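My structure is below; once you've seen it, I'll send some questions.
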Amino acid sequence: MPHIELGNDLPGITGLMAYRPETAGPLNALAEVLLRGPSSLTRGERELIAAYVSSLNQCGFCAASHAAFAAAQLPEGMELVDQVRADPDAAPVSAKLKALLRIAALVQADARTVTADDVAAARKEGATDVEIHDTVLIAAAFCMYNRYVDGLAATAPEDPAVYEFAAQRIVEHGYLGPSR
């Protein structure tokens, strides 16, 4: 049960955004740019970074949501998402994505621990400066989103179908699409 009365029964961040639509606009706009805007990383890869960071933060709602959003946009689906969340170094993803996931994990734990060597390793695997920038910003933003959801004790449904349904909406309409 949320720590404050939201005036709605919507789960997770959707309920919080319905409670304060004036803050929802900028938060959704940031998610839209980071996860769906033009990028050399696919939408699925960017959602995978968000799901991974949310899993590291143990944010049940965001981890489940973005895992479903990533799975819906990756040919390998939830099997790959689960492999990355369990052990990104052993997961069957590109060396570049592994290097970016390492940077995302460093940002999640303590952003000050990202070193020039970490960035050089990502570049060595083919990551561009924009991809490195966006990975850091996705990781940082999802730390904020996760803390928003968990700091107000937003509800997180147990049923995976809830997240799969939301994934269809996000894939089709994005974060600025029809109201939830």
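The values are calculated or read from the model by the stated rules, or taken from the named source; none is laboratory data. Every value quoted in this text rests on a predicted model; they were computed, and no experiment measured them. Reconstructed Cβ throughout: ideal geometry from the backbone, glycine too, with neighbour counts over all protein chains shown. Keep in mind that these areas ignore ligands, DNA and RNA; they rest on the heavy atoms of the full protein, side chains included. Shrake-Rupley method; radii C 1.70, N 1.55, O 1.52, S 1.80 Å.
Per residue, what accessible area does the range 1-145 have, given a 1.4 Å probe and all protein chains present, in Å²?
46 Å²
Take the solvent-accessible surface of the protein heavy atoms, probe 1.4 Å, and return the percent of it on the range 1-135 that carbon and sulfur atoms account for.
In the range 1-135, the share of accessible area belonging to carbon and sulfur is 55 percent.
Can you tell me the order of 158-165, 129-136, 74-81 when each peptide is scored by its average per-residue count of other Cβ atoms within 10 angstrom, highest first?
Going from most to least packed, we get 129-136, 74-81, 158-165.
Lone cysteines in the chain, going by a 4.7 Å Cβ-Cβ cut-off?
Flagged as lacking a Cys partner: C143.
Cα convex hull of the chain: how many Å³ per residue?
Convex hull volume per residue, Cα atoms: 110 Å³.
Find the centroid of the Cα atoms in the range 1-66 and in the range 71-89, then give the distance between the two in whole Å.
Comparing the Cα centres of the range 1-66 and the range 71-89, I get a distance of 18 Å.
From the square roots a ≥ b ≥ c of the eigenvalues of the alpha-carbon gyration tensor of the range 20-73, which class results: rounded (a/c under 1.5), prolate (a/b over b/c), or oblate?
Oblate.
Leaving ligands, DNA and RNA out of it, work out the accessible area of H173 with a 1.4 Å probe and give it in Å² to the nearest 10.
80 Å²
Quote the relative contact order of the range 75-151 in percent (integer), defining contacts as alpha-carbon pairs under 8 Å separated by 6+ residues.
Normalised by residue count, the contact order of the range 75-151 is 28 percent.
Give, in nm to one decimal, the length gained when the segment between D129 and E76 is fully stretched (0.36 nm per residue of separation minus the Cα-Cα distance).
That works out to 16.4 nm of additional length.
Give me the dipole magnitude in Debye, nearest 20, for the chain about the Cα centre, with unit charges on the beta carbon: positive for Lys and Arg, negative for Asp and Glu.
360 debye
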